[in-house]
Structures are given as structure tokens and as C-alpha cells.
Amino acid sequence: VNYSQLTPATKDLLGIPLHLDLFARALDSNDIGFEKLRGISSLQELYALIWQNVIVRSEIGSPPISDRIDVINRLTGFMDSRQRTSAPQSVLQTSETRHLERAVNWLASTGILIRGKTDWNFIHQTFFDYCYARRFVEQGNNIFETLLASKQGVFERPKLIQIISYLRTYDHPQYLRDLQNLLFSNVLRFHLYDLLLNWFGGLQNPKTDEWNLALKILGDDQKFSRLLIAMYGNPEWFKYLT
């Protein structure tokens, strides 16, 4: 990879060691065109590459792709239900999951799963958030309704950002509807609202429909200054603000 040909956003992203490691793993696993890599600007995009080029890649003699995804979904479901970032190995050692043993070992060999003394962990806690978001969206769940029905605690923070980020590329119209509901809700707890507003203000390459949503917020006297603070230092909004 020619570093000088990466976009500024990609260079900033790869300044974080975890992101650089994921970038290298995705590169090492398959032959990817440079154009697909040079403009990556988010952790969510990196995990999408890992998913495509590691988890579901075709490989002679490897376990079925459906089994690999099943393993990840089972671990994600357990971690979510227990609000933990690891799962006991016994979750994948039942009569029901015996057929997944090859897939478990294969995912461990690629570094996607990390085996502890008695439990399984993902490559990083943020990968759980990504897997949860992917599963959540593809099952047709609604982030706004789910958050309102939850305790809106600390465990919801990373899931909120991963879900809304995943929706942005997976189903943009639904993303806009959910984002508007969340940003204009009076029942979202402050720590989640503030997190979402900062994420929105830090968007890379915001689209016109996102600017139209930002205009509605800027027209609210109580939210005006908070959004400007969230946008501060992000040149991506400058073309609209001028």
C-alpha cells in the first residue's frame, strides 16, 4: 500500500493501532483493489472488510460459511443477553453446537476469536458491537424503539453508534428516519443523546440529506450551539456551513 495515496481520513483512521491491525488483517487475507481501501474512514468500514475478506471468504477445506456466521451469532446473542464482552466456552460445547467445532477452531486460527482459559472473546470488544449491529439491522429491528424499551445504560452506548453507522450504509432511508427520531426525541437520556450528536458532528463526507437534518437542529435555539460544538474541527461540514 502506498501511504501517500491514502486519503487524509484513512490516514487519520490508521493512526490508531487497532485500526491499523484490522487494516493489515484485511489486506493479508485476500487480494483487494487499492481503490477500495484508500478511502476507508471508519471502524465500521474496517469491520465490514474483515467480515467480507476473512469471515465469509471462500477457502478450500474450510468449514461452511453458514457455520462460521452461526458461531458468531451465538456468541453475540449470549454476550448481549448477559451484557458481557465474553462468553463461556461451554456455550459452544453442547450437543446442539457439536457440528460447529470446525468453524470455532477456524475462526480462532484467523484471530477473530480469542480463546481464554474458560471463555471466548472476539478480536476486540468493538467487533462485538459491529456483529450485534449487523445482526440487529438484518433482523429488521428498530433502534429507536429498542432504546426506548431499554434502561439506556452504558452498555447501549457502543451499540447505538455501531447500529446507526451500519444503517447509514445498509439502509440509508431507514437510517435517516431513525436518526431524526433519536435526535429530536425528548426521552433519550443525555449521555446517549450527547454521544449521538458528537458522532453526527464528526461524520466524514456528510450527504445533503444529512445537512438538511442538521439544519433542523441548527434551527432549534436549545440545540444550535451543541451541534456547532460537535461539528467543530470537522472540515467535512464546512462546504455546507459556508
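The values are calculated or read from the model by the stated rules, or taken from the named source; none is laboratory data. The model shown is predicted, which means the values in this text are computed figures rather than measured ones. Note that we place each Cβ from the backbone using ideal geometry, even for glycine, and neighbour counts take in every protein chain shown. Each accessible area value is taken on the protein alone, full model and side chains, heavy atoms only, with ligands, DNA and RNA left out. Shrake-Rupley method; radii C 1.70, N 1.55, O 1.52, S 1.80 Å.
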*Considering amide H positions built from the backbone, and no H for Pro or chain starts, which residues 5 or more places from L113, or on another chain, come under 5 Å of its amide H?*
A108
*asked:* Of L218, F190, I72, which is farthest towards the positive pole of the chain's charge dipole, taken about the Cα centre with +1 and -1 on the beta-carbons of Lys, Arg and Asp, Glu respectively?
replied: F190
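Treating only the Cβ atoms of Lys and Arg (+1) and Asp and Glu (-1) as charged, compute the dipole magnitude of the chain about its Cα centre; round to the nearest 20 debye.
Working: 26 positive and 25 negative charges, 71 e Å.
Dipole of the chain, to the nearest 20 debye: 340 debye.
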*asked:* Rolling a 1.4 Å sphere over the protein heavy atoms, what is the accessible area per residue of segment 19-158, to the nearest Å²?
replied: 50
*What is the spin-label model distance, in nm, from I16 to F224 if the labels are put 7 Å beyond Cα along the C-beta direction?*
3.3
*Roll a 1.4 Å probe over the protein heavy atoms and report the accessible area of T169 in Å², nearest 10.*
100
*Please tell me the relative contact order of the chain in percent, rounded to the nearest whole number, where contacts are Cα pairs under 8 Å and at least six residues apart.*
12
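Could you put E156, E96 in order of accessible surface area, largest first, with the 1.4 Å probe and the full protein assembly present?
E96, E156
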*Take the Cβ-Cβ distance between Y3 and S95 as r, set R0 to 45 Å, and report the resulting FRET efficiency rounded to the nearest 0.05.*
0.35
*Rounded to the nearest 500 deg cm²/dmol, what is the calculated helix-only ellipticity per residue at 222 nm for the chain, with -39500 (n - 2.57) per DSSP H run of length n ≥ 4?*
-17500 deg cm²/dmol
*Between T118 and R57, with labels modelled 7 Å along Cα→Cβ, what's the label distance in nm to one decimal, could you check?*
3.5
*Listed residues K151, K159, K239 arranged by accessible area, highest first, probe 1.4 Å*: K151, K239, K159
_Please list V1, V91 from largest to smallest accessible area, probe radius 1.4 Å, with all protein chains kept in place._
V1, V91
*Report H19's accessible area, 1.4 Å probe, all protein chains in place, as a number in Å² to the nearest 10.*
20
*Can you tell me the dipole magnitude for segment 93-180 around its Cα centre, using point charges on the Cβ only (Lys, Arg +1; Asp, Glu -1), in Debye to the nearest 20?*
200
*State the percentage of accessible surface on the chain attributable to carbon and sulfur atoms; use a 1.4 Å probe and exclude ligands, DNA and RNA.*
50
*Between their Cα atoms, which of K11/K207; K151/K216; K216/K239 are more than 25 Å away from each other?*
K151/K216
*With labels modelled as points extended 7 Å from the Cα through the Cβ direction, what inter-label distance (nm, one decimal) is found for V187 paired with S81?*
2.7
*Pick the calculated semi-axes √(5λ) of the Cα gyration tensor in Å for this structure from [x] 33, 26, 16; [y] 45, 25, 17; [z] 34, 23, 14?*
[z]
*Give a residue-ordered list of calculated ³J(HN,Hα) values for segment 226-240 (Karplus: 6.51 cos²θ - 1.76 cosθ + 1.60, θ = phi - 60°; whole Hz; x for Gly, Pro).*
5, 5, 4, 5, 5, 7, 4, x, 9, x, 5, 8, 4, 5, 8
*Please compute the net charge surrounding N142, taking Lys and Arg as +1 and Asp and Glu as -1 over other residues with Cβ under 12 Å from its Cβ.*
-2
